[in-house]
1. Take residue 79 and tell me if it is open to solvent by less than 100 Å² (accessible area, probe 1.4 Å), more than 28 Å from the chain's Cα centre (by Cα) and modelled with pLDDT under 90.
2. Tally time: how many residues in region 15-60 are among the acidic types (Asp, Glu) and exposed (fewer than 11 other Cβ atoms within 10 Å of the Cβ)?
3. For residue 63, indicate whether it is surrounded by 12 or more Cβ atoms within 10 Å (Cβ to Cβ) and farther than 30 Å from residue 2 by Cβ.
4. Would it be correct to say that residue 95 is farther than 30 Å from residue 4 by Cα and part of a helix (DSSP H, G or I)?
Amino acid sequence: MPAISLRLPDDVEANLKAEAQLEGKSQSEIARLAITEYLARRERERFMAEMVAEVRTAYADPEIRREALAIAEEFDAADGALDRLIAEERAAGIDPDEKWWE
């Protein structure tokens, strides 16, 4: 496994050392985990940004928008599933009208 060297501000190094002691892990293990989690989060963020861009592009196309609305209406007409989903989201504290992609 290759080694890297990095400089940390004194307070970050102290927090890293304290966390490593609390967890019973080495500072390297904590740093590896933090870097791994950061890289995974950034990958998810990029993926979501790409999805949002695709959705915006598709939603701007009137034909795709009509088709999507027709599918949604069919889904809801089948058994009220959309209304139940919206009610479940509201019960969970999620605002279904919030535009999370903006």
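1. Spelling it out, residue 79 is indeed open to solvent by less than 100 Å² (accessible area, probe 1.4 Å), more than 28 Å from the chain's Cα centre (by Cα) and modelled with pLDDT under 90.
2. Pass one, region 15-60, residues among the acidic types (Asp, Glu): 19, 23, 29, 37, 43, 45, 50, 54.
Next cut, exposed (fewer than 11 other Cβ atoms within 10 Å of the Cβ) only: 37, 43, 45, 50, 54.
The qualifying residues number 5.
3. Details: surrounded by 12 or more Cβ atoms within 10 Å (Cβ to Cβ): no; farther than 30 Å from residue 2 by Cβ: yes.
No: the conditions fail for residue 63.
4. Numbers: farther than 30 Å from residue 4 by Cα: yes; part of a helix (DSSP H, G or I): no.
When the stated conditions are applied, residue 95 does not pass them.
The values are calculated or read from the model by the stated rules, or taken from the named source; none is laboratory data. As the structure is a computational prediction, the values presented were derived from the model and not from experiment. FYI the Cβ positions are ideal-geometry reconstructions off the backbone, even for glycines, and counts take in every protein chain you see. Surface accessibility is based on the protein's heavy atoms, side chains included, excluding ligands, DNA and RNA. Shrake-Rupley method; radii C 1.70, N 1.55, O 1.52, S 1.80 Å.
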